[in-house]
Structure formats: C-alpha cells, structure tokens
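Just below is one structure, and these are the notes that go with it.
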Amino acid sequence: MIISSRSATEYRAMFGLTPANLAVPEVLDCCAGGSSFTSETVGRVVAADPAYALDRHDLARRVRASLHEGDHMIAEHAARFDWSWYGSPASRERLRTAAAGRFLADLRARPARYIAAALPHLPLATASFDLVLCSHLLFTRANLLDADWHYQALAELARVARREVRIYPTVVQGTGYPVTFLPDLRARLHAAGYSTRLQEVPYRFQRDARQMLVILPATHEPSRQRAMRNMPVTGDRASDSFPDSGRSPASLRGDLLAARTRAPAAGMTSRGRRRRAFSPRSREFHLGRPDQAYAAADPGQGSGDVRALRFLSARTARRPLRGR
C-alpha cells in the first residue's frame, strides 16, 4: 500500500493549472496522500485522505516508506513509462522526497488543512470548494473499483465543487489501458445534469495518460451555467500564461519550488451562507477505523483493500484527527 508524495510542480502539469485556476477562494485535493500541493500553494487549499486518520508517527513512517514502493510497478511496466517530463529517475526521486518533507512539515504546523475522509462519501458541505482535484485514485484503480463506485465518487466530487472538478489520469495504472466504462460514466453524468470533457494536459509519465477528466457541476441557474462554460480552460499551452505550469524538472534544471507561507485554513463556507463543513477547532470528522482508512488511501492489489474502502464508505464513526 502506497501513500504517494507528489509535488506542486507535478500537480500543475497533471491538472494544467494556471494562476487563474488557483486564484479562487477554496481548493480541495482529494485524495491527497503525501502530496505537498496543499503546503506549496498560496491560498486556502484543503487536503482530504483516509490515511490522515493514522497516528502522525505511523503516517510519517508510511509516507517515507512509500517513496520507493512504487518503483517495482514502474519496473514491471517499464515500456509503458516516458521519462521525458522528469528528465531522469533521479529527478523524480528528488521531487518526491522534497514533497514528502513539505507535506509532513505542513501537517505538523497546520493540521486543520488535512481532513481524514474517503470517497465516495465526504464530510463536506455542498458547493464548498471552487476547484476540486483528484489524482491517481479514480480510473487508476479501475481494475479494482467498479463503474458504480466510480460514478458515486465522481458525483460526490461534483457535489462539493462550486465550479470545476479535475481528475487525472484517465487510464489504468501500470498498463495504461483505457477505462472501458469511462464513456458510460460520462453519459450517466450528463444525464444527471453535469457537463464533462476530456482535456489534454502537459504532464507526461505513464504512456497514454495524456488527458484529465473535467466535470462542471450541475446547476439550475442559467447565468452561473454560462459563466462556468466560459471559464478559461487550460490546454497544452498552459506554460504560455504560467511560466512554471507543465514545465518538466528537466526544463527547470531540476529546481524545486519552495514552500510558501500562508495563513492557516479556517472553517469553510457553503454557497449563499456561512456553514462549517468541518470544525478546525475540534478537528472532528466522519471516519472508519484508522487501519481500514489507510487501506482505502491507496488500494493495493488485494481484494481486502477494496473491502476496506467499501467498509469506510458504508460505516462511518465520528472521531478526532489525532495530533501526536
């Protein structure tokens, strides 16, 4: 089981993010794992992952151990990976190691930014985030999680989003095979009132993982619908408006972006009225048991991990995020 640590540099390329995309009041990263996107991004970014229910020392140990645990999968499918974006395995390792350190430091300094929660049921208010990002869970695990689970998870991400949801990648991990039920999922979302599109991104690593899925949440307000349709969309030329967007470590000569200082997150607001989606003061969230929550964070190759994910979705208990 892996808790991956991806950097903000990788996130900007995977999701084609520009300053305009991030110049919004609230962003959600779900399921974030050991990503440093929250700690590196200016503004209010909240990370959600079932692994955050773990004891801090256990979480730190697993994050560090995970830095090389994915190497076996990459070696097993070596022909399916393209190193041109990273430049070299060493450059990728530097990015991931730095990201893990920043994540753990920010988790200690600002724990209210990190919510222990799992798809397809999030303890968050409807329309509480302007932009919602989801990396390497949906579609990546399509060989373990079925179409119905994916639809519930996509609808839940769209529920908490005010403007847009972005999901990357849209292929199965390792093999890079297309997700056979993706067209049907999009049709179901369209029938439910959502708008979707597949959009090219600058990031390159797994072959054929060149697109993200974008979802615009359903709304009954035509003016807001038109505004969302007219929002600027990031394509292959993201770097034209954001010098660092989509640039590979090779093109940046291996430079790592420094973490920036920002205010700690406060309570979130839902559209039209203030409402706490969670309480930073008590830091209480709906969780399952920590061991099952962790299994759901990045399901492995065993059916037990999938059962744990479904257990977390079906049975939730209220318990605090531990700060030891």
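Read the figures in this text as sums done on the coordinates, not as results from a lab. Since this is a predicted model, take the numbers as computed values, not measurements. Ideal geometry is used to build each Cβ from the backbone, glycine not excepted, and the neighbour counts take in all protein chains shown.
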message: Give me P(r) over the range 80-224, computed from all C-alpha to C-alpha distances, binned every 10 Å, as integer percentages.
response: 10, 34, 34, 19, 2
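What is the gain in length, in nm to one decimal, between Asp82 and Asp58 on full extension, counting 0.36 nm per residue of separation less the C-alpha to C-alpha distance?
Values: separation 24, 0.36 × 24 = 8.64 nm, distance 3.28 nm.
Between Asp82 and Asp58, full extension yields an extra 5.4 nm.
Per the Kirkwood definition applied to all pairs of different Cα atoms, how many angstroms is the hydrodynamic radius of the range 12-71?
On the way: mean 1/r = 0.0767 Å⁻¹.
Taking every pair of different Cα atoms in the range 12-71, averaging 1/r and inverting gives 13.0 Å.
Would you mind calculating the gained length between Glu69 and Thr180 on full extension (0.36 nm times residue separation, minus the Cα-Cα distance), in nm to one decimal? The partial results should precede the final answer.
Values: separation 111, 0.36 × 111 = 39.96 nm, distance 2.75 nm.
The Glu69-Thr180 span can extend by a further 37.2 nm.
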task: Could you tell me the distance between the Cα centroids of the range 33-66 and the range 155-198, to the nearest Å?
output: 24
task: Of all alpha-carbon pairs in the range 124-170, indicate the percentage at a distance above 15 angstrom.
output: 43
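What order do you get for Leu157, Leu144 when you list them from fewest to most C-beta neighbours inside 10 Å? Present the calculation step by step, with values, prior to reporting the outcome.
Details: Leu157 24, Leu144 17.
Fewest-to-most ranking of Leu157, Leu144: Leu144, Leu157.
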